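> Supplied in C-alpha cells, the structure appears directly below.
The numbers here are math on the coordinates, done by the rules we state, and not lab data. Bear in mind that the values here come from a model prediction, so they are computed numbers and not experimental data. Here the Cβ positions follow ideal geometry from the backbone for every residue, glycine too, while neighbour counts run over all protein chains shown.
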C-alpha cells in the first residue's frame, strides 16, 4: 500500500502566502478591522469603504469573536484583518489619550444606526471637548425633546464611542449614567478632558 | 455567518496541503491566492448548510484544474517522461509520491488529491468532481493501482 498522506506544510511558505492573501483580500473585502491597545483596555476598530463603522471596547462586547460575528451579521461577513488600513484611527486615538487631540476628523460610517439614532449621534458629536450634556438636551437637539429615553438607548448603542463622544452625556442632575465601555472608562475619558466630576 | 478572516484561518492549512499535492510546491502559492480570493468574492453567496471545508476545496480543485490546463497548453511533447526523483520510501508525506499522482490522468489525479490531500469523503469528492460517489471511488482506486504498478520494485 502506498502511503498517501497530505504533504506536511512548509510553515514559512504558508505564512508568506497567508500574508500575501490578506493584503490582497483587504482591498476586496467589505469590512477591515484591527485590534488597538488603549489606556482604557483593548479596542476593536472596524471600517468600511465609507469610514469607521465600529469602535468596540473588546471586553465589554464579549471578546473579539463576538464583535466580528456581530459585524458579519449586521454589515457583511466579508471581513478581513488589515491593521494598516486603521493606522489613521490608531494614531488619532493615541493622540487623544496622550492629551494632544481634542477633535476627530475621521470619516464615520453610521449605516449600522437607524435614522433617529443617527440624529442623536450627530447631536452628541456637537458637544465640545471638555463640556457635558444631558440625555434630555441631546434628545431635544436631535429634534424630539420628549424622547430622552430613546436618546439614551441610541447613545448606549453608539457604534463609535470616543469618536462620537457619548461619554459627555450625563444624567440630568449630574449622575454619571451608564457607558458602553463601563463607568470607570467614562470617568477616565471625562477626567482626561478636564471635566469636573 | 463566520467572518471571512476566521474562515480563512480555519481552512488555509488544509487548502495549502491540498494545493501542494495537486499542483506542486512551486505553483501552490499562486493557486492558493486564486482560491481564497475567489472564496472571498463568493463568500456572502455561499449557501447555508454546505460544509465550508468541502466548498473551499471545490474552489481549490477548480483552480488546480485551471493550472493543469494552462500547463498542458504550455507543455512541449517529449519522447519520455522525465524521471521523478524518489525520496525515501515509507515517508507518509512523500513528495515523490505526489509528483507521481500529478502525472496520473486527470480523473485519477483529482480523485486521489481530493480524497487524500484534501481529506474529503468520497461523497464530497463526488460533489466536487460532479460525478457519482461510485465513479469517485473507482477513479481513486484506479489511481492507487497505477501508482502501485509504477512503484513496484
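> If you take all C-alpha pairs in the stretch A:150-193, what percent of them are over 18 Å apart?
Across the stretch A:150-193, Cα pairs with separations above 18 Å total 16 percent.
> Could you please rank A:166, B:131, placing first whichever residue has the fewest other Cβ atoms within 10 Å of its Cβ?
B:131, A:166
> Still on this model: Per-residue mean of other chain beta-carbon atoms within 10 angstrom of the beta-carbon, peptide A:16-23?
5
> Average partner chain C-beta neighbours within 10 Å, per residue of B:26-34?
The per-residue average across the peptide is 3.
> OK, next. Shape call for the stretch A:21-97 from the C-alpha gyration tensor, a ≥ b ≥ c root eigenvalues: rounded (a/c under 1.5), prolate (a/b greater than b/c) or oblate?
Oblate shape, in that a/c is at least 1.5 and b/c is the bigger or equal ratio.
> Also: Considering all projection directions equally, how large on average is the shadow of the alpha-carbon convex hull of the protein assembly as shown, in square nanometres?
21.9 nm²
> Pairing the Cα long axis of helix B:133-151 with the longest principal axis of chain B, what angle in degrees results, from 0 to 90 and rounded to the nearest 10?
Result, in degrees: 30.
> OK, next. If neighbour count is taken as other Cβ atoms inside 10 Å, put B:41, A:168 in order from fewest to most.
B:41, A:168
> Please report the spacing between the Cα centers of the stretch A:35-73 and the stretch A:145-193 in Å, no decimals.
18 Å
> Could you list B:43, A:96 so that the one with the fewest beta carbons within 10 Å of its beta carbon is first and the one with the most is last?
Ordered by Cβ neighbours within 10 Å, fewest first: A:96, B:43.
> Helix-only mean residue ellipticity at 222 nm, chain B, DSSP H runs n ≥ 4 weighted -39,500 (n - 2.57), per residue, nearest 500. What is it?
Result for chain B: -22000 deg cm²/dmol, rounded to the nearest 500.
> Nearest 5 is fine: what % of DSSP beta bridges in the stretch A:21-97 come out antiparallel, could you say?
Rounded to the nearest five, the antiparallel share is 80 percent.
> Running a GNM on chain B with Cα contacts under 10 Å, which residue among B:134, B:124, B:34 ends up with the highest mean-square fluctuation?
Maximum among the listed residues: B:134.
> Once you sort the root eigenvalues of the Cα gyration tensor of chain A as a ≥ b ≥ c, which label holds: rounded (a/c under 1.5), prolate (a/b larger than b/c) or oblate (the other case)?
Since a/c reaches 1.5 and a/b is larger than b/c, the shape of chain A is classed as prolate.
> Per DSSP H run of n ≥ 4, the term is -39500 (n - 2.57); total these for chain A, divide by its residue number, and report the mean residue ellipticity at 222 nm rounded to 500 deg cm²/dmol.
That comes out to -11500 deg cm²/dmol.
> Between the helical axis of A:115-125 and the dominant principal axis of chain A, each derived from Cα atoms, what acute angle in degrees is found, rounded to the nearest 10?
Value to nearest ten degrees: 70.
> Kirkwood Rh over alpha-carbon pairs of the stretch A:115-192, then Stokes-Einstein at 10 °C and 1.306 mPa s: what D in µm² s⁻¹, rounded to an integer?
The estimated diffusion coefficient comes to 132 µm²/s.
> If you don't mind, there's one more thing I want to ask. What does DSSP give for chain A in terms of the percent of beta bridges that are antiparallel, rounded to the nearest 5?
Taking every DSSP beta bridge with both residues in chain A, the antiparallel ones total about 60 percent.
> Then there's this: When Cβ neighbours within 10 Å are restricted to other protein chains, what is their mean count per residue of peptide B:14-20?
Mean partner-chain Cβ count within 10 Å for B:14-20: 4.
> Under 11 Å from a label point 7 Å along Cα→Cβ of residue A:106: give me every residue in the stretch A:38-52 with its amide N that close.
Only A:43-48, A:51-52 pass the distance filter.
> If you don't mind, there's one more thing I want to ask. What angle, in degrees between 0 and 90 and rounded to the nearest 10, separates the Cα long axis of helix A:183-192 from the longest principal axis of the Cα atoms of chain A?
The angle comes out near 70 degrees.
> Let me ask something else. Cα extents of chain B along the three principal axes, largest first, in whole Å?
For chain B, the Cα spread along each principal axis is 51, 32, 30 Å.
> Another question about this same structure. Provide the percentage of antiparallel DSSP beta bridges, counting only those with both residues in the protein assembly as shown; round to the nearest 5.
60 percent
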